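The values are calculated or read from the model by the stated rules, or taken from the named source; none is laboratory data. None of the values given here were measured: they were computed from a predicted structure. Note: ideal-geometry Cβ built from the backbone for every residue, glycine included; neighbour counts use all protein chains shown.
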Amino acid sequence: MASNFTSGMWNGRKVEFGKVYGNPIASAFLSINEETDKKIRVFDFDDTLVKTKSHIYVAHKDGKKSTLTPGEYAIYEPKEGDDFDFSDFEKVKQPQEIKGVTRLLKNIVRAGGSDIYILTARSAYKPIKDYLSDIGLDKLFVVALADSDPQKKADWIEDKIKGGVKDVFFIDDSHKNVAAVKALSKKYPNISLKVRHVQHDVPTAPKQNYMKKDENPNDMSLKSLLPKDLNKTIKNPDTGRNIKVKSALGYDKKTPVYKAAANLVKKK
């Protein structure tokens, strides 16, 4: 019962010390106020706010191994038997700020009126808190889900909606995470849900080539195409403008421009 807790102030908020606030599954046990604000702004961390030297290591079913950057992992299609190692993400290695998105985050912080969260698939939240403090953002909530399943991010946001949030802004570099969160709009049509996809150049493929000799090249991920193919241009059917194929391949797979780019490179 609430009467068993001691009330006080923490970071300018009235809280009940000893009470668990937020998602108990996450590794971000931050004493935050129960949902009173009806607006939340949710930012991914890796390859959205910052690029790092952290990698994901993949052991494949055939015994071979690959190394993926966060950007490569965002578009990687897992194969049966893949085993992922995320140990690099226990710390923030050699961070390089993505200034455009960080500027947006700082503007939202200055504007006030909403709770701001960094929602990450990482398992450790403290290194992110330390990094944010270093760039002058020391009062943000960090939620470390310890799970790379895109549905986990959607579930976390849905929990906030069920708690009374009426206005959600979400930004992420992974099209899988973006698609999972966008799907909430059909379930909650009366909620203001704005989802933004941070699009970077399609990353180069891992150096290891684990395609079997009898495997159809068209079944490979498009990120393994040679850079000279990806630098060609193609017309975006939605805008009529020419964009690079590598940029088109960063769009949602259901868009006309992605399909056109995919068909083009597969014919090469």
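Check every one of the strands (runs of 3 or more DSSP E) wholly within the range 75-147 and list those with 2 or more residues that are over 25 Å from ASP159 (Cα atoms). Because the criterion is at least 2 residues that are over 25 Å from ASP159 (Cα atoms), the strands (runs of 3 or more DSSP E) in the range 75-147 that meet it are 83-85.
Which one is modelled with the highest pLDDT among residues in the range 161-175 that are of a type in the set (D, E, K, R) and buried (at least 20 other Cβ atoms within 10 Å of the Cβ)? For the range 161-175, the residue satisfying everything is ASP172. For the range 151-183, give me each residue that is of a type in the set (Asp, Glu) and either in contact with a strand residue (DSSP E or B) (Cβ under 9 Å, 6 or more places away or on another chain) or farther than 25 Å from GLU72 by Cα (or both). If the condition is that a residue be of a type in the set (Asp, Glu) and either in contact with a strand residue (DSSP E or B) (Cβ under 9 Å, 6 or more places away or on another chain) or farther than 25 Å from GLU72 by Cα (or both), then GLU158, ASP159, ASP167, ASP172, ASP173 are the ones that fit. All of LEU137, LEU145, LEU119, LEU105 fail the test of being out of contact with any helix residue (DSSP H, G or I) (no Cβ under 7 Å at 6 or more places or on another chain) and of a type in the set (A, V, I, L, M), apart from LEU105. Among the residues making up the range 146-172, those that are in contact (Cβ under 8 Å) with a residue 40 or more places away in the chain and either more than 22 Å from SER192 (Cβ to Cβ) or among the β-branched types (Val, Ile, Thr) (or both) are ALA146, SER148, ILE157, VAL165, VAL168, ILE171.
Test VAL42 against the criterion of being within 16 Å of PHE170 (Cα to Cα) and among the β-branched types (Val, Ile, Thr), and give yes or no.
Numbers: within 16 Å of PHE170 (Cα to Cα): yes; among the β-branched types (Val, Ile, Thr): yes.
Considered against the rule, which asks whether it is within 16 Å of PHE170 (Cα to Cα) and among the β-branched types (Val, Ile, Thr), VAL42 comes out as yes.
Filtering SER123, SER87, SER133, SER114 for residues that are surrounded by fewer than 20 Cβ atoms within 10 Å (Cβ to Cβ), closer than 23 Å to GLY164 by Cα and of a type outside the set (A, V, I, L, M, F, W, C) leaves a single hit, SER114. When we screen LYS186, LYS212, LYS129 for residues that are farther than 23 Å from THR52 by Cα and either modelled with pLDDT of 95 or more or touching a strand residue (DSSP E or B) at 6+ places or on another chain (Cβ under 8 Å) (or both), the only hit is LYS186.
State whether one or more residues within the range 44-67 are in contact with a Lys or Arg (Cβ under 6 Å, 6 or more places away or on another chain), under 30 Å from LYS194 (Cβ atoms) and assigned to a loop (DSSP other than H, G, I, E, B). First the steps, then the outcome.
In the first step, residues of the range 44-67 are kept if they are in contact with a Lys or Arg (Cβ under 6 Å, 6 or more places away or on another chain); the result is 52-54, 59.
Of the ones still in play, those that are also under 30 Å from LYS194 (Cβ atoms) are 52, 54.
Retained after the next criterion (residues that are assigned to a loop (DSSP other than H, G, I, E, B)): 52, 54.
Looking through the range 44-67, at least one residue is in contact with a Lys or Arg (Cβ under 6 Å, 6 or more places away or on another chain), under 30 Å from LYS194 (Cβ atoms) and assigned to a loop (DSSP other than H, G, I, E, B).
When restricted to residues that are free of Cβ contacts under 8 Å to residues at least 60 places away in the same chain and either in contact with a strand residue (DSSP E or B) (Cβ under 9 Å, 6 or more places away or on another chain) or surrounded by 13 or more Cβ atoms within 10 Å (Cβ to Cβ) (or both), the range 59-72 contains 2.
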